[in-house]
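The values are calculated or read from the model by the stated rules, or taken from the named source; none is laboratory data. Note that this is a predicted model, so its numbers are computed, not measured. Every residue, glycine as well, gets a Cβ built from its backbone with ideal geometry; the counts of neighbours run over all protein chains shown.
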Amino acid sequence: MDEFKCSNCATCCKNIRGFLTEKQKKELRKYSFGALPMVSLIPVERIAFPLWDFEAKKLIKDATEKGIEHKIRPSRAIFDLDSNQAIIVSYSIDSDFCTFMKGNQCQSYEKRGFVCKMFPFQHGPFLKLEEFAINEMFAGCPSMANILDNLEKFDKKKLTMQLKEKFGDSFLSVLQSDLITQWINNMILTLVKEKKIRPAMNYPYDLLLKRIDNSKKIDFMDFLVEIKEMTKEDKDNLIHCFETNHHAKEKVKDDLS
Ligand code: SF4
Ligand code: SF4
């Protein structure tokens, strides 16, 4: 089987919206507009590549220093009725194409987010591996043609080995991104269970958006420090582990042992 080779065509950077399937859009419409603690701040049609709060912070700083009109806006938040603030969990770029692209070059390559590092993956394999939804794992990358049909469809261990060999760092990044998603979802559940947050749920969506608009905003990771769920040092260390794919490397080692 061929190894994946990126041709630097920049298709992935030029189309940062419109990557959701109809099934995903349906699920988002059902759950992301007030039914669950985390609320989408933008309509499904405008959803673009997601950035975690700590990634958005770095990109915004870099864009400000380089004079890039980044268009990074909060995309998902929890409105906490106890602290009366909007906890921003993720951001996205409000544009059809990435505002960091100049020609076919990324102007913030070192600061790019997981969503960029994991291409040609668009979704992690492990959150969905039980269903072996291989076709859904990849976005419309033209360099995937000779690889997709030859991927293992039934054996999890063989598939892990193939993905590690063929995709290297992209595979580690998508796996790490899955693990971050899991960690954030579990952390939100814990905060709710331990009554450290009281998310607005089943609120009329328009009213909720207005409350979020008019409220103080805080990034999720900063909120965890504010409520002393972790120290600033813990937070910085954890972000470093995320950015170096530490948990993904451990998981691959375990899964292949
Ligand atoms: S990952 Fe695929 S779509 Fe993106 S630049 Fe490389 S070849 Fe093009
Ligand atoms: S940040 Fe860079 S790598 Fe990521 S989508 Fe934008 S231009 Fe592409």
* Taking Ile218 and the conditions (1) assigned to a helix (DSSP H, G or I); (2) modelled with pLDDT of 95 or more, which numbered condition does it fall short on, given that it satisfies the others? -> (1)
* Give me the pairs: first residue in the stretch 101-117 and closer than 16 Å to Gln176 by Cβ and β-branched (Val, Ile, Thr), second residue outside any strand (DSSP E or B) and away from ligand 1 (no atom under 11 Å from the Cβ), beta-carbon distance under 8 Å, and six or more apart or on different chains, which are they? -> Val115/Phe49; Val115/Ser177
* To do: Give the residues of the stretch 66-91 that are among the β-branched types (Val, Ile, Thr) and touching a Leu at 6+ places or on another chain (Cβ under 8 Å), sorted by residue number.
  => Ile72
* Just checking, which of Gln122, Gln85, Gln107 is away from ligand 2 (no atom under 16 Å from the Cβ) and on the phi < 0 side of the Ramachandran plot? -> Gln85
* **Leading residue by the ranking (farthest from Ile87 (Cα to Cα)) among those in the stretch 23-42 that are under 19 Å from the mean Cα position of the chain (by Cα) and either of a type in the set (D, E, K, R) or within 16 Å of ligand 2 (Cβ to nearest atom) (or both)** => Lys23
* Asked: Looking at (1) within 22 Å of Ser177 (Cα to Cα); (2) within 10 Å of ligand 2 (Cβ to nearest atom), can you tell me which one Phe19 breaks?
  -> (2)
* Structure fact -> Filtering the stretch 88-101 down to residues that are near ligand 2 (Cβ under 8 Å from one of its atoms) and over 27 Å from Lys166 (Cα atoms) yields Ile93, Thr99, Phe100
* Do you know which of the residues in the stretch 139-169 that are at pLDDT below 80 and within 16 Å of ligand 2 (Cβ to nearest atom) is surrounded by the most Cβ atoms within 10 Å (Cβ to Cβ)? -> Ala139
* How do the pairs read when you match residues in the stretch 134-148 that are under 16 Å from Gly18 (Cβ atoms) and within 11 Å of ligand 1 (Cβ to nearest atom) with residues anywhere that are assigned to a helix (DSSP H, G or I) and not hydroxyl-bearing (Ser, Thr, Tyr), using Cβ under 9 Å and keeping only pairs 6 or more apart or on different chains? -> Phe138/Met144; Phe138/Ile147; Phe138/Leu148; Ala139/Cys12; Gly140/Cys12; Cys141/Cys12
* Output yes when any residue across the stretch 213-223 is surrounded by fewer than 15 Cβ atoms within 10 Å (Cβ to Cβ) and aromatic (Phe, Trp, Tyr), and no when none is. => no
* Candidate set from the stretch 38-86 (those that are in contact with an Asp or Glu (Cβ under 6 Å, 6 or more places away or on another chain) and closer than 22 Å to Ile188 by Cβ); member that is surrounded by the fewest Cβ atoms within 10 Å (Cβ to Cβ) -> Arg73
